[in-house]
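Engineer: Got a structure for you, written out below as structure tokens; questions coming shortly.
The values are calculated or read from the model by the stated rules, or taken from the named source; none is laboratory data. What you see is a predicted model; the values in this text were computed from it and never measured. Here the Cβ positions follow ideal geometry from the backbone for every residue, glycine too, while neighbour counts run over all protein chains shown. In case anyone asks, the SASA skips ligands and DNA or RNA and just uses the protein heavy atoms, side chains included. Shrake-Rupley method; radii C 1.70, N 1.55, O 1.52, S 1.80 Å.
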Amino acid sequence: MVRVRVMAALLALALPLAALTGGCGRPESTSSESGDREAVAQIGSTTMLPLAGRWQKAFNRKQPEVDISVSGGGSGTGIRALIAGTAEIANSSRDIKQKEIAQAREAGVTLVEHVVAYDGIAVIVHPSNPLHEISVEQLSDIFSGRVTSWADLGATRMGDTQVISRDSASGTYEAFKELVVTMGGQDKTRDYAAAVLKQASNQAVLALVARTKSGIGYVGLGYLDESVKVLPVIPLDGGEAVAPTVENVASGDYSVSRALYCYTNGEPRGATKAYLDWIEGPEGQAIVEELGFVPVK
Amino acid sequence: MNTGARRVREWLIERAIQAAGAMAIVFVLAIFAFLLRDALPVFRETTVRDLATGRTWLPTAEPPKLGLLPLLLGSLYVTIGALLISVPLGVACAAFISEVAPRWMRETLKPAVEVLATIPSVVFGFLGLLLVGPWLAELLDLDVPLFAGLGSLMLAFMAMPMIVSLSEDAIRAVPMTLRQNSLALGATQWQTIWRVVLPAGRSGIIAAVLLGMGRAIGETMTVLMVTGNAAVIPLGLPGFLRPVRTMTATIAAEMGETAYNTPHYHALFAIGLLLFIITFAANTIADVVVRRSGRTTR
């Protein structure tokens, strides 16, 4: 019993300690030059991780004097690292948030945006699903929980919809919310329903939809395979359903698509500039296409 | 070497050991302080009551909805389910190992159970995700192969080694004279185990269960992989067959993308603080139970 009281006293001691550590500052911006070699750290979006990995390898073969390091963690992590000065390039699969712009300004960082690729988000269902197409409005109703039965969508004997999403750490989650759930911002009160299942990666969503008869989910174009059925999407302004293909994303006909960004602190210089120019050039864009994303232009 | 130098050396060694011991307490305090520092700002946005009773967890909505109730209940469902499976099995296993099994079997069984503790949690996640989940979904005719009960089952396997090992120690510590008296009075071996040995070792067994609970509620990787992560409030027994979202899985899944110093960021630290308090309480209670029993048997 005495020991419990001692513990309580120790915990009380921890409170002022908390106030003390609160005063710690954020790390100062670090210089990217180290001797003759130049280092470029690229951090952020997990959607862009395979892309960044291939860019790094290919660029290193051309210019071995530049040290490029690539890591994931998510779009928010990358932008945080850029603001803290621990990264030269932040990968983001979503638009930057107002809050992040404000934090950057506070830290004296000017965020410059570079569009490096486009990505289509495909809507997928179990191969046994009888639907052939779906509209953005219907998708919004399903993902926001207004429609919970396949019968309401014209598919009988399918039971309740099992809605499968990426978790909120994902840029794809934000992009799909913006493009589909809020119907491109038409109804900002709409959000994902609480009953939506959250998966940590594109592969996990794909695998779960493939194993769930009444499932519906979304994945990046580059991840599609034969295990699921892809539903063409009718855009908000009506018309024909459009299949998520590289051509349709490039032409802008497929509505559930987004840009992938690299952010830098100010206009890029030195090795960072050389690297970004190369990414936006033919060699970098060839890798974009190879991995199932859509090149810029 | 003269005695003076030896005394100084002794003193230095003693202080060094003391400092090492104190480090453990400093670390716990520092972790607690760190959690407090980043969790407390959440109350600029919301109140304790709204956090504890809010039924919706939608941290990226505008304004964010930060109800922890579905996450807390999700964690409790998975943990209680795990204990319902692992406690009877674990205690029975411990009783068998220490009371019934012959010496050679005991010497094989106990290390074998302890090996179970060395399997990484991500491996249990894989097993649940690819093997046990689809199989159970088929058997029970479930829509989704990821659900609370699957998490419970996987966690039960992970908590079991701790429960078996500590319960076995507690049962073995029961004085031999108690068993001999019971058997001399004509009780069968089963009656002796059930009515004499287990009650006599109960405080150690309760401590084992509480530590197992601490293990289960704090486990992250496995539940993230097998429980589906839907932040719905589980209801009644069917709740075990539906997806839930636990507190640990929420932190693991969302920390990476949260913008720094937002209400969402602080809410995740508040969840961490809540987890810290729950496991701390479980460990403290286990400690008190063991101490009290030490007094009564003497």
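Engineer: Please find, within the range B:151-177, the residue that is most open to solvent (accessible area, probe 1.4 Å) out of those that are among the hydroxyl-bearing types (Ser, Thr, Tyr) and touching a residue at least 40 places away in the same chain (Cβ under 8 Å).
Structural biologist: Applying the first criterion (among the hydroxyl-bearing types (Ser, Thr, Tyr)) to the range B:151-177 yields B:152, B:165, B:167, B:177.
After this cut, where a residue has to be touching a residue at least 40 places away in the same chain (Cβ under 8 Å) as well, the list is B:152, B:165, B:167.
Values: B:SER152: 2, B:SER165: 23, B:SER167: 0 Å².
Only one residue tops the list, namely B:SER165.
Engineer: Just a yes or no: is a residue in the range B:103-119 open to solvent by less than 30 Å² (accessible area, probe 1.4 Å) and in contact with a Ser or Thr (Cβ under 6 Å, 6 or more places away or on another chain)? Break it down into steps so the answer makes sense when it comes.
Structural biologist: We begin by selecting, within the range B:103-119, every residue open to solvent by less than 30 Å² (accessible area, probe 1.4 Å); these are B:113.
When the remaining residues are screened for being in contact with a Ser or Thr (Cβ under 6 Å, 6 or more places away or on another chain), the result is none.
No, because not a single residue in the range B:103-119 is open to solvent by less than 30 Å² (accessible area, probe 1.4 Å) and in contact with a Ser or Thr (Cβ under 6 Å, 6 or more places away or on another chain).
Engineer: Look through the range B:135-147, keep the residues that are closer than 10 Å to A:THR212 by Cβ and either surrounded by fewer than 18 Cβ atoms within 10 Å (Cβ to Cβ) or not aliphatic (A, V, I, L, M) (or both), and return whichever of them is modelled with the highest pLDDT.
Structural biologist: Just the residues of the range B:135-147 that are closer than 10 Å to A:THR212 by Cβ, to begin with: B:137, B:142-146.
Then keep just the ones that are either surrounded by fewer than 18 Cβ atoms within 10 Å (Cβ to Cβ) or not aliphatic (A, V, I, L, M) (or both); that gives B:143, B:145.
Numbers: B:ASP143: 84, B:PRO145: 90.
Checking each candidate, the answer is B:PRO145.
Engineer: Counting just the residues of the range A:71-83 that are open to solvent by less than 40 Å² (accessible area, probe 1.4 Å) and in contact with a strand residue (DSSP E or B) (Cβ under 6 Å, 6 or more places away or on another chain), which one comes out nearest to A:SER170 (Cα to Cα)?
Structural biologist: A:SER75
Engineer: Search the range A:84-94 for residues being of a type outside the set (Val, Ile, Thr) and touching a helix residue (DSSP H, G or I) at 6+ places or on another chain (Cβ under 8 Å), and hand back the single one that is surrounded by the fewest Cβ atoms within 10 Å (Cβ to Cβ). Quick ask: steps written out before the conclusion?
Structural biologist: If we filter the range A:84-94 for residues that are of a type outside the set (Val, Ile, Thr), which is where we start, we get A:84-85, A:87-88, A:90-94.
Subset that is touching a helix residue (DSSP H, G or I) at 6+ places or on another chain (Cβ under 8 Å): A:87-88, A:90-94.
Details: A:ALA87: 26, A:GLU88: 28, A:ALA90: 27, A:ASN91: 31, A:SER92: 28, A:SER93: 26, A:ARG94: 24.
Residue satisfying both the conditions and the ranking: A:ARG94.
Engineer: Out of the residues in the range A:144-163 that are among the β-branched types (Val, Ile, Thr) and more than 26 Å from B:TYR265 (Cα to Cα), state the one that is surrounded by the most Cβ atoms within 10 Å (Cβ to Cβ). Before the answer, list the steps.
Structural biologist: Of the range A:144-163, the ones among the β-branched types (Val, Ile, Thr) are A:147-148, A:156, A:161, A:163.
Now drop any that are not more than 26 Å from B:TYR265 (Cα to Cα), which leaves A:147-148, A:156, A:161.
Details: A:VAL147: 18, A:THR148: 16, A:THR156: 10, A:THR161: 24.
Here the answer is A:THR161.
Engineer: Among the residues in the range B:224-231, are any part of a loop (DSSP other than H, G, I, E, B), in contact (Cβ under 8 Å) with a residue 60 or more places away in the chain and open to solvent by 40 Å² or more (accessible area, probe 1.4 Å)?
Structural biologist: no
Engineer: May I pose another question? If a residue has to be open to solvent by 40 Å² or more (accessible area, probe 1.4 Å), over 23 Å from A:GLU100 (Cα atoms) and in a loop (DSSP other than H, G, I, E, B) to count, how many in the range A:244-282 make the cut?
Structural biologist: Residues in the range A:244-282 being open to solvent by 40 Å² or more (accessible area, probe 1.4 Å), over 23 Å from A:GLU100 (Cα atoms) and in a loop (DSSP other than H, G, I, E, B): 4 in total.
Engineer: Right, here's the next one. Please count how many residues of the range B:57-84 are at the interface with another protein chain (Cβ under 9 Å from one of its Cβ atoms) and under 16 Å from the mean Cα position of the chain (by Cα).
Structural biologist: Result for the range B:57-84: 0.
Engineer: When you scan the range B:1-59, how many residues do you find that are part of a helix (DSSP H, G or I), of a type in the set (D, E, K, R) and open to solvent by 90 Å² or more (accessible area, probe 1.4 Å)? Can you show your working first?
Structural biologist: Here is the first cut: in the range B:1-59, the ones part of a helix (DSSP H, G or I) are B:3-44, B:48-53.
After this cut, where a residue has to be of a type in the set (D, E, K, R) as well, the list is B:6-7, B:9-10, B:14-15, B:37-38, B:44, B:49-50.
Keeping just the survivors that are open to solvent by 90 Å² or more (accessible area, probe 1.4 Å) gives B:6-7, B:9-10, B:14, B:44, B:49.
Total satisfying the criteria: 7.
Engineer: Which of the residues spanning the range A:164-183 are surrounded by 22 or more Cβ atoms within 10 Å (Cβ to Cβ), more than 8 Å from chain B (Cβ to nearest Cβ) and not in a helix (DSSP H, G or I)?
Structural biologist: Answer for the range A:164-183, where residues must be surrounded by 22 or more Cβ atoms within 10 Å (Cβ to Cβ), more than 8 Å from chain B (Cβ to nearest Cβ) and not in a helix (DSSP H, G or I): A:ILE164, A:SER165, A:ARG166.
Engineer: Inside the range B:250-272, can you point out the residues that are more than 20 Å from the chain's Cα centre (by Cα), of a type outside the set (A, V, I, L, M, F, W, C) and more than 7 Å from every other protein chain (Cβ to nearest Cβ)?
Structural biologist: Matches in the range B:250-272: B:ASN261, B:PRO263, B:HIS264, B:TYR265, B:HIS266.
Engineer: Suppose we keep only residues that are in contact with a Ser or Thr (Cβ under 7 Å, 6 or more places away or on another chain) and hydrophobic (A, V, I, L, M, F, W, C) within the range A:180-196. Which one would you say is nearest to B:THR227 (Cα to Cα)? Reasoning before the result, please.
Structural biologist: At the first step, the residues of the range A:180-196 found to be in contact with a Ser or Thr (Cβ under 7 Å, 6 or more places away or on another chain) are A:180-181, A:183, A:188, A:190-194, A:196.
Now drop any that are not hydrophobic (A, V, I, L, M, F, W, C), which leaves A:180-181, A:183, A:193-194, A:196.
Numbers: A:VAL180: 26, A:VAL181: 24, A:MET183: 29, A:ALA193: 17, A:ALA194: 14, A:VAL196: 12 Å.
It comes out as A:VAL196.
Engineer: For the range A:184-239, how many residues meet the condition of being away from every other protein chain (no Cβ under 14 Å) and open to solvent by 10 Å² or more (accessible area, probe 1.4 Å)?
Structural biologist: Counting residues in the range A:184-239 that are away from every other protein chain (no Cβ under 14 Å) and open to solvent by 10 Å² or more (accessible area, probe 1.4 Å) gives 18.
Engineer: Please go through (1) away from chain A (no Cβ under 14 Å); (2) over 30 Å from B:ILE193 (Cα atoms) for B:ARG106 and return the number of the only condition it doesn't satisfy.
Structural biologist: Result: B:ARG106 passes all but (2).
Engineer: Among the helices (runs of 4 or more DSSP H) contained in the range A:1-98, which hold 2 or more residues that are at pLDDT below 75 and at the interface with chain B (Cβ under 10 Å from one of its Cβ atoms)?
Structural biologist: The qualifying helices (runs of 4 or more DSSP H) are A:2-21.
Engineer: Evaluate the following for A:ILE68: is it surrounded by 21 or more Cβ atoms within 10 Å (Cβ to Cβ) and hydrophobic (A, V, I, L, M, F, W, C)?
Structural biologist: Working: surrounded by 21 or more Cβ atoms within 10 Å (Cβ to Cβ): yes; hydrophobic (A, V, I, L, M, F, W, C): yes.
Spelling it out, A:ILE68 is indeed surrounded by 21 or more Cβ atoms within 10 Å (Cβ to Cβ) and hydrophobic (A, V, I, L, M, F, W, C).
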